[in-house]
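Down below is the structure, laid out as structure tokens.
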Amino acid sequence: ARDADADRVIRAWAAATPESLLARVELVRLEARAGRLDEARAQARDALAIHGGRDEALPDLFEALVAADQLSDARAVADRMLVGSPLARARGRYRVALIAVFEGQLAAAYDAVRRAILDNRRYGIESELSQCLELARAVAPLVADVAAQRRHTEELASVFASLIGDAGSAAATRFELALLERQDRGGGAPPSIEAHLEGLEDGPVRDVARRRMLRAAAVAGCGDPEAAVAAGFSAFEENTASL
């Protein structure tokens, strides 16, 4: 939490190694955090001009452009990744999904991240699979079409259970599916968190699944927001604020 010291280190790093893309990405984030968006955008444009010809630089360039709120340029970078190697395509689709989320195009975001998950499965790529799955989990319940919500959530429950053997995520996703079914019925008794935790051994997996269920129930309006916050679902301020 020593932000001032961190900022000094980042500036010194960028000054000492002006050719370093990673240093420039961190500098863009620093300027954006400080509210100096014009400077952040200038740094991001410079990074794109210097490193844009290297395919391996595209993921980091994407991060810099998003931090500088240059979403059209970020989308162009993601689109370039879609014509690369299988790994590049998977990473590109994940980033196309992120842009769609920023634009509020949630159905398109889910479609893109689903394709990224399929690519990761097909080619055995593990590097970003967990991020893709978490983005899919976040987006699926927000898609406007309730039937699509259910279909997406059923699919994710199957993926979590069969692909990565994540019993906790599978249980939490099945709980979210039960919440959707309750919504379809127009209400009624909420699903039981304890019943959906059955079979999970005590420990971190069960604890995280319980936290996710508490949050999902609170968001669905049939749970206790204070209990979800007290359980510590997430350290991210926006998650706590949303509850």
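The values are calculated or read from the model by the stated rules, or taken from the named source; none is laboratory data. Here the structure is a predicted model, which means the values were calculated and not measured. Methodologically, a virtual Cβ is constructed for each residue, glycine included, from the backbone with ideal geometry; neighbour enumeration extends over all protein chains shown. Note: accessible area is taken over every heavy atom of the protein model, side chains too, but ligands, DNA and RNA are not part of it. Shrake-Rupley method; radii C 1.70, N 1.55, O 1.52, S 1.80 Å.
A few remarks follow.
- Probing with 1.4 Å while keeping every protein chain in the model, the per residue accessible area of the stretch 15-129 equals 48 Å².
- Here r is the Cβ-Cβ distance between ARG122 and VAL205 and R0 is 41 Å; the resulting FRET efficiency, rounded to 0.05, is 0.95.
- Percent carbon-and-sulfur accessible area, the chain, ignoring ligands, DNA and RNA, probe 1.4 Å: 52 percent
- Charge tally for GLN43 (other residues, Cβ to Cβ under 9 Å; Lys, Arg +1; Asp, Glu -1): 0.
- Mean Cα-pair separation over length for the chain, i.e. relative contact order, pairs under 8 Å, 6 or more apart, %: 8 percent
- Dipole magnitude of the stretch 1-145 about its Cα centre (Cβ charges: Lys, Arg +1; Asp, Glu -1), debye to nearest 20: 300 debye
- Cα centroid separation, the stretch 16-74 to the stretch 165-194 (Å): 41 Å
- Charge context of GLY92, other residues only, Cβ under 9 angstrom, K/R +1, D/E -1: +4
- Qualifying trypsin sites (Lys or Arg not before Pro) in the stretch 81-136, where qualification requires a DSSP coil assignment and no more than 15 other C-beta atoms within 10 Å, are lacking entirely.
- Exposed loop sites were defined as GluC sites (Glu not before Pro) in DSSP loop states (anything but H, G, I, E or B) carrying at most 15 other C-beta atoms within 10 Å; in the chain the longest segment without such a site runs 20-102.
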